[in-house]
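Trainee: Okay, handing you the structure first.
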Amino acid sequence: MSRIKTAFLDLGHMDTLSGRDTFAHRIDPRAKLLTTLIFIITVISFGKYEISALIPFFIFPAVMISLGELPVYYLFRKILIVIPFAVMIGIFNPLIDREILMRLGPFSLSGGWISFCSIMIKFTLTAGSVLVLIACTGFNSVCMALEKMGAPRVFAVQLLFLYRYIFVLIDEASRMANARSLRSFDGKGKGIKVFGYLLGHLLLRTIDRAQRIHLAMLCRGFDGEIRVNRRLEAGIREVIFTIAWSAFFIAMRFYNIPLIAGKLITESIL
Amino acid sequence: MSHHIVEVKNLKFTYPDGTCALQDISFRITHGESVAVVGENGAGKSTLLLHLNGYLMSGNGIIRIGDYPLTKETLKEVRRTVGMVFQDPDDQLFMPTVYDDVAFGPLNLSLPPEEVDTRVDNALSTVGALHLKSRPPYRLSGGEKRSVSIATVLAMSPDILVMDEPTSNLDPRARRKLIELLKTFKHTKIIATHDLDMVMDLCERTIVIHKGQVMADGPTAEIFMNQELLAESHLEKPLRMQGCPVCGKT
């Protein structure tokens, strides 16, 4: 099976996860979305040399993973796939910023390495929390929540369509890739030129399909606005969920809990 | 009753690239009729269907759907009256879940939410797909997708059903189930297809199109007996009208 197809199946698995029925899944998507947003904002608001204060933030994804009974290894693999992007952002820090900020006996750590670690931790936290959000809410519900919370309609609808057609597109692309590999021998026909043709062709097919979809929408009375008949219900549970977590994040933003805990321990020992 | 009538008079259509797809097509389909539109690839079947819901409009010729002539002003009413089922269900099912998709049309008709719910449930149970309600469309099998696309159209309560190749890409059992389902519909049906055996099951009348013109229009049985006409239109007798492959007897 081609690699594109495997990626497709993997995406489908995310959907299966979101269809479960646990406490984490039952909470209104808006509450989860808002909490995750506050989580991300607090995490990225830390300074570039911050490491210790970020550690307690792992509690949130960890709690959601256990409440939602999500497979940790699967989510971890998902983060690994995108981590090269974060590495690209941070990789030059150790080269540029060589000022020594920390000494542990014979080891010294430059500011660059610390900020690199900080970037990686922030990335793992933010990407992880979004994955957890989608795995226990479902991509479609996240879009609905976005829309209900006042995000521009066009934006939410674009995301919905993206998610709907990514499967069809991947199917089409994998069929084309298969057709090419079945007729390529000794590396011939695998070059960038053919890849270009393939991509161009895929684009043309996509435009064609978009036209047909638009036609199908027109046939059913589409007038520029997509209406969705769905009622979201938020109760006291959602309010408590959002406020409690947000308070926790903000508290952790202003108090470096590992540092305080460390001080308490060292003071009590001394 | 006159409002389930489809009338096409002297319809001509040329695509912007100069391809002449329809040359002078005329027919009249009355209430409750089930009509097959057959012809070779590129004969103009799909172009004709696209005219029936006003997606394509040509200055030449008149189309009347029910009580309305097809114009820009009557487009909305016509599209409610004519339910169009596309050949590729992936084009038709564009919403995130089956429910949303079937509700799409009724919501655009500005129906109250409770009425939308009822319509969705009714349409889905008619095609036997109520259990798929909360599933995403890309997770359905070919047969299920087809049933749901028909439900999306039924939910708008159309008077006229227009279908493009409804039995394509279906396994034999799904095809048979679809035929049985379509038999139960009382709508006026217009079906463009290459599946002539299905035509024999469903349509009492057949219109043969060849090179953008109506070659023949009459009772299905008569048309399928006309060997000369079929050959000229690049068609063949339906399999069940052909001889037994072992003994050659019909």
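Trainee: Towards the positive end of the charge dipole of the protein assembly as shown, with charges on Cβ (+1 Lys, Arg; -1 Asp, Glu), say which of A:Val168, A:Leu215, B:Leu124 has the farthest Cα.
Mentor: Result: A:Val168, furthest along the dipole toward the positive end.
Trainee: Only Cα pairs within less than 10 Å get springs; with that Gaussian network setup on chain B, which residue of B:Arg240, B:Arg79, B:Arg176 has the largest fluctuation?
Mentor: B:Arg240
Trainee: Then there's this: Considering only DSSP beta bridges with both partners in the stretch B:114-244, what is the antiparallel share in %, to the nearest 5?
Mentor: On the way: 6 of 11 bridges.
For the stretch B:114-244, the DSSP antiparallel bridge percentage is about 55.
Trainee: Follow-up question, since we're still on this one. At A:Asp21 and A:Phe185, where each label point lies 7 Å from the Cα along Cα→Cβ, what is the point-to-point distance in nanometres?
Mentor: Using points 7 Å along Cα→Cβ, the separation is 5.7 nm.
Trainee: If you don't mind, there's one more thing I want to ask. Compute, for A:Ile226, the solvent-accessible surface of its heavy atoms (probe 1.4 Å) with the complete set of protein chains present, and express it in square angstrom to the nearest 10.
Mentor: Near enough 10 Å² of accessible area.
Trainee: Next question. With both partners inside chain B, how many of the DSSP beta bridges are antiparallel, as a percent to the nearest 5? Could you put the intermediate results ahead of the total?
Mentor: Working: 18 of 35 bridges.
Antiparallel bridges make up about 50 percent of those DSSP assigns within chain B.
Trainee: On a straight-distance basis, which lysines could pair with A:Lys48 in a cross-link, Cα separation under 16 angstrom, same-chain partners fewer than 8 positions away excluded?
Mentor: Excluding near neighbours in sequence, the set is A:Lys122.
Trainee: May I pose another question? Where the centroid of each part is defined by its Cα atoms, how far is the stretch B:57-120 from the stretch B:128-185 in Å?
Mentor: 16 Å
Trainee: Fully extended, how many nm does the chain gain between A:Val157 and A:Thr266 (0.36 nm per residue separation, minus their Cα-Cα distance)? List each step's numbers first, then the result.
Mentor: Working: separation 109, 0.36 × 109 = 39.24 nm, distance 5.44 nm.
Contour length minus Cα-Cα distance gives 33.8 nm.
Trainee: Which Cα, out of B:Ala221, B:Thr30, B:Ile62, lies furthest along the positive dipole direction of chain B (beta carbon charges, K/R +1, D/E -1)?
Mentor: It is B:Ala221.
Trainee: Right, here's the next one. Where only protein heavy atoms count, and the probe is 1.4 Å, what is the accessible area per residue for chain A in Å²?
Mentor: Values: 15660 Å² over 270 residues.
Dividing the accessible area of chain A by its residue count gives 58 Å².
Trainee: Give the accessible surface of the stretch B:1-89 per residue, rounded to a whole number of Å², with probe radius 1.4 Å and ligands, DNA and RNA excluded. The partial results should precede the final answer.
Mentor: Working: 4000 Å² over 89 residues.
Result: 45 Å² of accessible area for each residue.
Trainee: To continue, here is another question. For B:Lys211, what is the net charge nearby, where nearby means another residue's Cβ is under 14 Å from its Cβ and Lys, Arg count +1, Asp, Glu -1? Show your work: numbers first, answer last.
Mentor: On the way: positive: B:Lys12, B:Lys45; negative: B:Asp24, B:Glu40, B:Glu232.
Once all neighbours under 14 Å are counted, the net charge is -1.
Trainee: Okay, next question. So what's the net charge close to B:Leu22: Lys and Arg +1, Asp and Glu -1, counting the other residues with Cβ under 14 Å from its Cβ? Walk me through the intermediate numbers first.
Mentor: Details: positive: B:Lys9, B:Lys12, B:Lys45, B:Lys211; negative: B:Asp24.
Cβ neighbours under 14 Å give a net charge of +3.
Trainee: Just tell me which lysines come within less than 30 Å, Cα to Cα, of B:Lys189; anything on the same chain fewer than 8 places away is out.
Mentor: List returned: B:Lys9, B:Lys12, B:Lys45, B:Lys72, B:Lys76, B:Lys133, B:Lys145, B:Lys177, B:Lys211, B:Lys237.
Trainee: May I pose another question? Share of the stretch B:89-158's accessible area from carbon and sulfur, percent, 1.4 Å? List each step's numbers first, then the result.
Mentor: Numbers: 1090 of 2140 Å².
Carbon and sulfur together cover 51 percent of it.
Trainee: While we're looking at this one, here's another question. With label points built 7 Å along Cα→Cβ from the Cα atoms of B:Thr14 and B:Asn169, find their separation and express it in nm.
Mentor: 3.4 nm
Trainee: Taking the Cα centroid of the stretch A:143-203 and of the stretch A:42-67, what is the distance between the two, rounded to the nearest whole Å?
Mentor: So the separation of the two Cα centres works out to 34 Å.
Trainee: Same structure again: Report the extension gain between A:Ala234 and A:Leu67 in nm, rounded to one decimal, defined as 0.36 nm multiplied by the number of residues separating them, less their alpha carbon distance. Write down the numbers at each step before the final one.
Mentor: On the way: separation 167, 0.36 × 167 = 60.12 nm, distance 1.87 nm.
This chain segment gains 58.2 nm when fully extended.
Trainee: Antiparallel versus total DSSP beta bridges in the protein assembly as shown: what percent is that, nearest 5?
Mentor: Numbers: 22 of 39 bridges.
Expressed as a percentage, antiparallel bridges in the protein assembly as shown total about 55.
Trainee: Given charges of +1 on the Cβ of Lys and Arg and -1 on the Cβ of Asp and Glu, with all other atoms neutral, how large is the dipole of the protein assembly as shown about its Cα centre, in debye to the nearest 20? Present the calculation step by step, with values, prior to reporting the outcome.
Mentor: Details: 58 positive and 50 negative charges, 261 e Å.
Using only the charged Cβ atoms, the result is roughly 1260 debye.
Trainee: Once the whole set of protein chains is in place, how much accessible area is left on B:Lys237, using a 1.4 Å probe, in Å² to the nearest 10?
Mentor: 50 Å²
Trainee: Any chance you could check the stretch B:135-168 for residues losing 30 Å² or more of accessible area when the partner protein chains are in, compared with the chain on its own (1.4 Å probe)?
Mentor: Correct list: B:Tyr138, B:Arg139, B:Met156.
The values are calculated or read from the model by the stated rules, or taken from the named source; none is laboratory data. Note that the structure is predicted; figures quoted are calculated from it, not measured. Cβ coordinates were reconstructed from backbone atoms using ideal geometry, including for glycine residues, and neighbour counts include every protein chain displayed. For the accessible areas, the whole protein counts, side chains as well, though only heavy atoms, and no ligand, DNA or RNA atoms are used. Shrake-Rupley method; radii C 1.70, N 1.55, O 1.52, S 1.80 Å.
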